Amino acid sequence: MKYGNAPLALSVIQIEAPEMMFVQYLPIVMPNGKPALPKSLSCFFPLVKIAMSYVNPVDYLYITAKHLYVSSGCSGNREGWHSDGFGTSDVNLIWSDSSPTEFCVQPFDLSKDCDVSMQEMSAQVKSENVQTYPNNTLLKLDSSVIHRVAPIQTSGMRTFVKLSISKDKYNLKGNAHNYLLKYNWDLMDRDVKRNHTTKAQGGTK
């Protein structure tokens with residue numbers, strides 16, 4: 001795979017979150033199902049509507065939504081250069097209203113190992129190839145897009161949303177449960193080095 005591609009800018013959408021929140025990988029669409037978005041997240045429906053155009057019948061759709069106070073050293077997201085869904089066919093749409101995500105658009109030579117690859121990303125990033133997009137821009141990423149949460153320059157409230165489309169169950173402890181849907185997954189411990197989105201017996205993904 002060619003790493004270091006740019007994200008695709010889809011739309012500029014103004015959204016105001018009504019309350020503080022930290023919702024991690026909440027399933028809102030099951031395979032062959034319809035969206036089940038809790039009322040507390042209804043303000044993000046315009047983003048979900050666009051994401052649905054990329055969802056296939058076999059896919060799950062998850063929402064991560066964070067409306068938090070951020071400051072230097074406390075961004076609300078895992079820091080460091082990385083790729084969402086590294087080594088998978090997952091697609092992610094991200095949106096934020098401030099401190100836009102930084103992308104490094106350049107060729108990368110990366111190991112297939114998740115943890116080693118993140119070290120390689122950090123070592124290979126060239127500052128002149130780092131770019132951002134305007135606030136409130138919905139961006140589409142695949143696993144070839146290398147990015148990081150931007151260092152927080154100004155303290156204040158920040159809203160960040162990620163919509164993750166995957167054929168896999170995101171089954172790690174700490175993920176939010178959608179009580180509008182009927183499901184009962186065995187939840188697995190998260191890895192110390194990296195928060196993989198899904199885990200099966202005998203290995204990680």
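The values are calculated or read from the model by the stated rules, or taken from the named source; none is laboratory data. Not measured: the values here are computed from a predicted model. Here the Cβ is made from the backbone with ideal geometry for all residues, glycine too, and neighbour counts use every protein chain on show. SASA here: full protein model, heavy atoms, side chains in, ligands and nucleic acids out. Shrake-Rupley method; radii C 1.70, N 1.55, O 1.52, S 1.80 Å.
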- Task: For the chain, with a Gaussian network of springs between Cα atoms less than 10 Å apart, report the residue from Ile28, Ile13, Ile94 with the top mean-square fluctuation.
- Result: Ile13
- Message: Using the crude model of +1 on Lys and Arg Cβ and -1 on Asp and Glu Cβ, and no other charge, please compute the dipole size for the stretch 13-169 relative to its Cα centre, in debye to 20.
- Response: 480 debye
- Item | Å² per residue, accessible surface of the stretch 61-183 at 1.4 Å | 44 Å²
- Over the stretch 1-149, what percent of the accessible surface lies on carbon and sulfur atoms, probe 1.4 Å? 52 percent
- Task: Return the single residue from Tyr62, Tyr54, Tyr170 with maximal mean-square fluctuation; model: Gaussian network over the chain, springs between Cα atoms under 10 Å.
- Result: Tyr54
- Message: Can you list residues from other chains, or at least 5 along the same chain, whose modelled amide H is less than 5 Å from the amide H of Ser75?
- Response: none
- Mind listing the long-range amide H neighbours of Ile28? Cut-off is under 5 Å, sequence gap 5 or more, other chains count too, H placed in the peptide plane at 1.01 Å from N. Leu61, Tyr62, Ile63
- Answer in debye to the nearest 20: the dipole magnitude of the stretch 104-203 about its Cα centre, from +1 Lys/Arg and -1 Asp/Glu charges placed on Cβ, is 400 debye
- Query: Rounded to the nearest 500 deg cm²/dmol, what is the calculated helix-only ellipticity per residue at 222 nm for the chain, with -39500 (n - 2.57) per DSSP H run of length n ≥ 4?
  - Reply: -2500 deg cm²/dmol
- Item | Choice from His147, His177, His82 showing the highest fluctuation, given a GNM over the chain with Cα pairs closer than 10 Å | His177
- Query: Assuming R0 = 41 Å, what is the FRET efficiency of Arg78 and Asn56, from their Cβ-Cβ distance, to the nearest 0.05?
  - Reply: 0.90
- Message: Could you work out the relative contact order of the chain? I mean the mean sequence separation of Cα pairs under 8 Å and 6+ apart, divided by the number of residues, in percent.
- Response: 33 percent
- Given Lys49/Lys169; Lys34/Lys112; Lys140/Lys169; Lys39/Lys126; Lys66/Lys167; Lys112/Lys140, the pairs whose alpha carbons are separated by over 32 Å: Lys34/Lys112; Lys39/Lys126
- So if R0 is 45 Å, what FRET efficiency would Asn184 and Ser111 give, r being the distance between their Cβ atoms, rounded to the nearest 0.05? 0.80
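Which whole-number percentage describes the relative contact order of the stretch 75-164, with Cα contacts under 8 Å and a sequence gap of 6 or more?
In percent, rounded to a whole number, it is 52.
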- Query: Which residues does a label at Ser122 reach in the stretch 1-21, if reach means a backbone N under 19 Å from a point 7 Å past the Cα toward the Cβ?
  - Reply: 4
- Item | In the stretch 120-173, trypsin sites (Lys or Arg not before Pro) in a DSSP loop with at most 13 other beta-carbon atoms within 10 Å | Lys126, Lys167, Lys173
- Once the other residues with Cβ under 12 Å from the Cβ of Asn135 are scored (Lys, Arg +1; Asp, Glu -1), what is the net sum? 0
